[in-house]
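Here is the structure we will look at.
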Amino acid sequence: MATPTNPPSNFCFLLLLLLPHFNLGKSQLQLNYYSKSCPKAEDIIKQQVTQLYHKHGNTAVSWVRNLFHDCVVQVRTTASDGTLVSEQTSERSIGMRNFKYVNTIKAAVEEECPLTVSCADIIALSARDGISLLGGPSIEMKTGRKDSKESYAKEVEDLIPNHNDSISVVLSRFQAIGIDVEATVALLGAHSVGRVHCVNLVHRLYPTVDTTLDPAHAEYLKRRCPTPNPDPKAVLYSRNDLKTPMIIDNNYYKNILEHKGLLLVDEQLATDSRTAPYVQNMANDNQYFHHQFSRAIQLLSETNPLSGDQGEIRKDCRYLNVD
């Protein structure tokens with residue numbers, strides 16, 4: 001039996017290592033790409049995303065994470081004989097358990113229009129609809145992506161950023177694919193609905209508390225993560241935003257200005273001279289944050305997608321098509 005595949009699109013972070021080989025020009029995506037070939041596609045995807053949200057609220061957050069992972073690692077796949085290994089087998093893919101629902105949406109779309117709508121576009125459109133359900137901005141998402149025919153599982157550890165990369169590393173990686181500082185600050189606002197597993201934050205709590213953390217918040221985090229050696233497979237975590245944990249809003253920026261960020265990059269985002277002015281502006285103005293977040297998601301999702309003969313339309317998002 002084949003090994004499940006990785007998220008099936010080609011958005012961006014592979015460029016971080018292969019930048020000299022790519023042209024960062026405008027992609028050939030377009031609005032309403034399926035208006036003739038599958039006119040109900042976007043409505044079906046939105047309906048499925050909404051239904052899943054009402055059954056499993058965290059799926060809306062997962063759509064945003066899926067989009068991010070598609071940006072980090074080119075569309076990965078496994079062959080029908082299992083000879084290619086999935087990106088999802090990596091420890092860096094912790095939290096991707098809801099990726100299984102992508103195939104739920106794909107099945108509904110396939111029933112209407114077989115082998116027409118790519119899994120890559122389903123991920124992009126479900127992220128758009130998930131953001132809307134989470135109180136975020138309305139985003140015009142272009143489509144026309146193809147799904148990858150190969151796997152880069154071995155590169156995952158290099159391509160997917162570490163949870164505790166510095167702000168300099170984060171800015172450098174995003175700028176390498178054409179995402180400016182202001183947009184990068186906005187993208188990190190997705191942490192507003194995110195959560196951090198204890199295994200990725202205990203180093204800031206033990207053996208001594210990071211002096212940049214708000215002391216009272218540090219005590220709360222120690223109650224959430226009571227041991228310096230948490231089980232990496234256990235569901236032990238803390239949310240970034242305790243006031244509006246399921247709303248994409250500017251509370252994230254207010255929190256990090258109060259030194260309540262969970263990750264190193266959260267703290268540095270609020271204090272680094274390159275990013276601090278944008279953090280302050282977004283903390284002061286939710287509408288401004290939403291505008292920049294929308295722009296940033298569009299930039300991220302439109303970076304060098306596969307098109308034409310570069311890819312395929314998968315029948316099952318978990319597997320490479322069988323010729």
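Identify, from the list 49, 75, the residue that is at pLDDT 65 or above and within 25 Å of residue 36 (Cβ to Cβ). First the steps, then the outcome.
On the way: 75 fails: at pLDDT 65 or above.
Exactly one of 49, 75 is at pLDDT 65 or above and within 25 Å of residue 36 (Cβ to Cβ), namely 49.
Scan the range 38-59 for residues that are part of a helix (DSSP H, G or I) and open to solvent by less than 90 Å² (accessible area, probe 1.4 Å) and report the count.
Result for the range 38-59: 11.
Count, please, the residues in the range 262-276 that happen to be without any contact (Cβ under 8 Å) to a residue 60 or more places away in the chain and crowded, with 20+ Cβ neighbours inside 10 Å.
1
Restricting attention to the range 294-309, which residues are touching a Leu at 6+ places or on another chain (Cβ under 7 Å) and either assigned to a helix (DSSP H, G or I) or surrounded by 23 or more Cβ atoms within 10 Å (Cβ to Cβ) (or both)?
Selection gives 296, 300, 301, 305.
Residue 156 versus (1) outside any loop (DSSP other than H, G, I, E, B); (2) modelled with pLDDT under 90; (3) open to solvent by less than 40 Å² (accessible area, probe 1.4 Å); (4) out of contact with any helix residue (DSSP H, G or I) (no Cβ under 6 Å at 6 or more places or on another chain): which is the lone unmet condition?
In the conditions (1) outside any loop (DSSP other than H, G, I, E, B); (2) modelled with pLDDT under 90; (3) open to solvent by less than 40 Å² (accessible area, probe 1.4 Å); (4) out of contact with any helix residue (DSSP H, G or I) (no Cβ under 6 Å at 6 or more places or on another chain), residue 156 misses (4) alone.
Restricting to the range 105-129, name every residue that is outside any loop (DSSP other than H, G, I, E, B) and open to solvent by less than 10 Å² (accessible area, probe 1.4 Å). Give the derivation first.
The first filter runs over the range 105-129 and keeps only residues outside any loop (DSSP other than H, G, I, E, B), leaving 105-112, 119-129.
Correct list: 105, 106, 109, 119, 120, 121, 122, 123, 124, 125, 126, 127.
Restricting attention to the range 230-238, does a residue exist that is of a type in the set (A, V, I, L, M) and closer than 30 Å to residue 106 by Cβ?
Within the range 230-238, one or more residues are of a type in the set (A, V, I, L, M) and closer than 30 Å to residue 106 by Cβ.
Could you grab the pairs with beta carbons closer than 8 Å, sequence gap of 6+ or different chains, first residue in the range 44-56 and under 13 Å from residue 117 (Cβ atoms), second one open to solvent by 40 Å² or more (accessible area, probe 1.4 Å)?
So the pair list comes out as 44/112; 48/104.
Any idea which of (1) over 29 Å from residue 284 (Cβ atoms); (2) touching a Pro at 6+ places or on another chain (Cβ under 8 Å) is the one residue 233 doesn't satisfy?
Of the numbered conditions (1) over 29 Å from residue 284 (Cβ atoms); (2) touching a Pro at 6+ places or on another chain (Cβ under 8 Å), the odd one out for residue 233 is (2).
Answer yes or no: is there a residue in the range 198-221 that is charged (D, E, K, R) and at pLDDT below 95.
There is no residue in the range 198-221 that is charged (D, E, K, R) and at pLDDT below 95.
Does residue 218 count as on the phi < 0 side of the Ramachandran plot, open to solvent by less than 20 Å² (accessible area, probe 1.4 Å) and in contact with a Phe, Trp or Tyr (Cβ under 9 Å, 6 or more places away or on another chain)?
Answer is no for this residue.
The values are calculated or read from the model by the stated rules, or taken from the named source; none is laboratory data. None of these values were measured; they are calculated from a predicted model. All Cβ positions, glycine included, derive from the backbone under ideal geometry; neighbour counts span all protein chains shown. Protein only, heavy atoms only, side chains kept; ligands, DNA and RNA dropped before computing areas. Shrake-Rupley method; radii C 1.70, N 1.55, O 1.52, S 1.80 Å.
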